[in-house]
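Chemist: Submitted below is the structure of interest, expressed as structure tokens.
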Amino acid sequence: MSQARPTVRVVVADDQRVVREGLVTVLEILADVEVVGAAATGEEAVALVERHRPQVVLMDLRMPRLDGVEATRLIRQAHPSTAVVVLTTYADDDSILAALQAGALGYLTKDAGREEIARALHAAAAGQAVLDPAVQARLVAAAGGRARDSAPSRPLPDGLSLREAEVLSLIAAGRTNAQIAQALVVSGSTVKTHINNLFAKAGIKDRANAVQYAYRHGLAEPADADRR
């Protein structure tokens with residue numbers, strides 16, 4: 001018998017009233033999700049987070065006065081314990097990268113179903129990254145299978161070594177451990193050691209989280225030909 005999931009407190013942010021109210025209605029049906037606020041603008045989302053301290057914000061990207069990317073940035077700076085999951089119609093490279101770099105922990109498109117959204121909210125509340133399969137595919141395509149071959153022009157985050165950053169970029173490019181080992185001409189156990197080390201240093205919990213981290217910190221480059 002499985003244990004019931006803990007209730008996740010959520011703020012919903014979307015400028016379209018019908019979408020916002022629909023999301024609230026859908027989420028309120030779930031026994032393990034509590035909607036504590038609904039915002040029509042990025043400014044309202046930031047204010048509601050300040051007031052209610054939710055675990056997760058379900059954030060639209062295109063909103064008036066303060067868009068979802070900047071609202072995400074402000075929320076993550078002021079309330080790092082509040083995770084942001086983007087829910088948007090936009091799955092282009094620029095939107096995805098901007099959201100991840102602002103600190104979003106999840107990215108879903110609006111064709112996601114109720115259970116998928118619920119799983120993403122619970123995962124984000126637990127500190128786990130969640131990427132829509134279509135978004136994951138775009139990130140892998142944007143990476144173009146290219147790892148960085150030279151030292152970065154700025155210090156690496158969280159004390160990562162150059163080799164760990166290289167492994168991370170290959171993970172973001174969608175490579176398996178075996179493919180990484182082949183690309184770097186090392187053993188599979190060496191790759192596992194590098195992955196364990198970089199996950200520990202960066203607080204990464206899984207490969208989806210690693211992809212999000214790599215793009216947020218500029219450790220994976222989109223291919224110019226795939227940019228819109």
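Chemist: Please list the non-local residues whose amide H lies under 5 Å from the amide H of T88, H modeled 1.01 Å from N, same-chain partners needing a gap of 5 or more.
Modeler: Amide H to amide H, under 5 Å and 5 or more residues apart or across chains, T88 pairs with L108, T109, K110.
Chemist: Right, another one. Each label point is 7 Å from the Cα along the Cα-to-Cβ direction; what then is the distance between the points at R114 and V18, in nm?
Modeler: 1.9
Chemist: On to the next question. Can you tell me the length gained on complete extension of the stretch S189 to K205, counting 0.36 nm per residue apart and subtracting the Cα distance?
Modeler: My answer for the length gained is 3.9 nm.
Chemist: Using the beta-carbon distance between Q179 and R65 and R0 = 45 Å, what value does 1/(1 + (r/R0)^6) give for FRET efficiency, to the nearest 0.05?
Modeler: Numbers: r = 45 Å, r/R0 = 1.00.
Once the sixth-power term is evaluated, E becomes 0.50.
Chemist: Averaging sequence separations of C-alpha pairs under 8 Å and six or more residues apart, then dividing by the length of the range 1-61, give the relative contact order as a whole percent.
Modeler: Details: 95 pairs, mean separation 27.7, N = 61.
This gives 45 percent for the range 1-61.
Chemist: Quick one: which residues, 5+ away or cross-chain, put their amide H under 5 Å from the amide H of R9? H built at 1.01 Å from N.
Modeler: E34, Q55, V56
Chemist: Given only helices, namely DSSP H runs of n ≥ 4 each adding -39500 (n - 2.57), what is the per-residue ellipticity at 222 nm of the chain, to the nearest 500 deg cm²/dmol? Let's see the in-between values first.
Modeler: Working: 10 runs with 112 residues, N = 228.
-15000 deg cm²/dmol, from helical runs alone.
Chemist: While we're here: How much net charge surrounds T193 when only the other residues with a Cβ under 12 Å from the Cβ of T193 are counted, with Lys and Arg +1 and Asp and Glu -1? Show your work: numbers first, answer last.
Modeler: Numbers: positive: R163, K192; negative: E164.
Its environment carries a net charge of +1.
Chemist: I need the phi-derived Karplus couplings for the range 33-49: 6.51 cos²θ - 1.76 cosθ + 1.60, θ = phi - 60°, integer Hz, Gly and Pro marked x.
Modeler: After applying 6.51 cos²θ - 1.76 cosθ + 1.60, I find 10, 10, 7, 9, x, 9, 10, 9, 9, x, 4, 5, 4, 4, 5, 5, 5 Hz.
Chemist: What number comes out for the charge environment of D14, summing +1 per Lys or Arg and -1 per Asp or Glu over other residues with Cβ under 11 Å away? Intermediate results must be reported in sequence, preceding the final value.
Modeler: On the way: positive: R17, R20, R62, K110; negative: D15, E21, E44, D60.
Residues close to D14 contribute a combined charge of 0.
Chemist: So what's the angle, to the nearest 10 degrees on a 0 to 90 scale, between helix 17-29 and the longest Cα principal axis of the chain?
Modeler: 90
Chemist: Also, I was wondering about something else. Work through the residues other than N209 whose Cβ is under 14 Å from its Cβ and net out their charges, Lys, Arg +1 and Asp, Glu -1.
Modeler: Details: positive: K201, K205, R207, R216; negative: D158, D206.
Counting the neighbours of N209, the net charge comes to +2.
Chemist: Sticking with this one: Report the full-extension gain for the segment D32 to L162: residue separation times 0.36 nm, less the Cα-Cα distance, to one decimal in nm. Don't skip to the end; give the middle numbers.
Modeler: Details: separation 130, 0.36 × 130 = 46.80 nm, distance 4.20 nm.
Difference between extended and current length: 42.6 nm.
All of the numbers you see were taken from the coordinates with simple rules; none came from a lab. As the structure is a computational prediction, the values presented were derived from the model and not from experiment. All Cβ positions, even for glycine, are placed from backbone atoms using ideal geometry, and neighbour counts span all protein chains on display.
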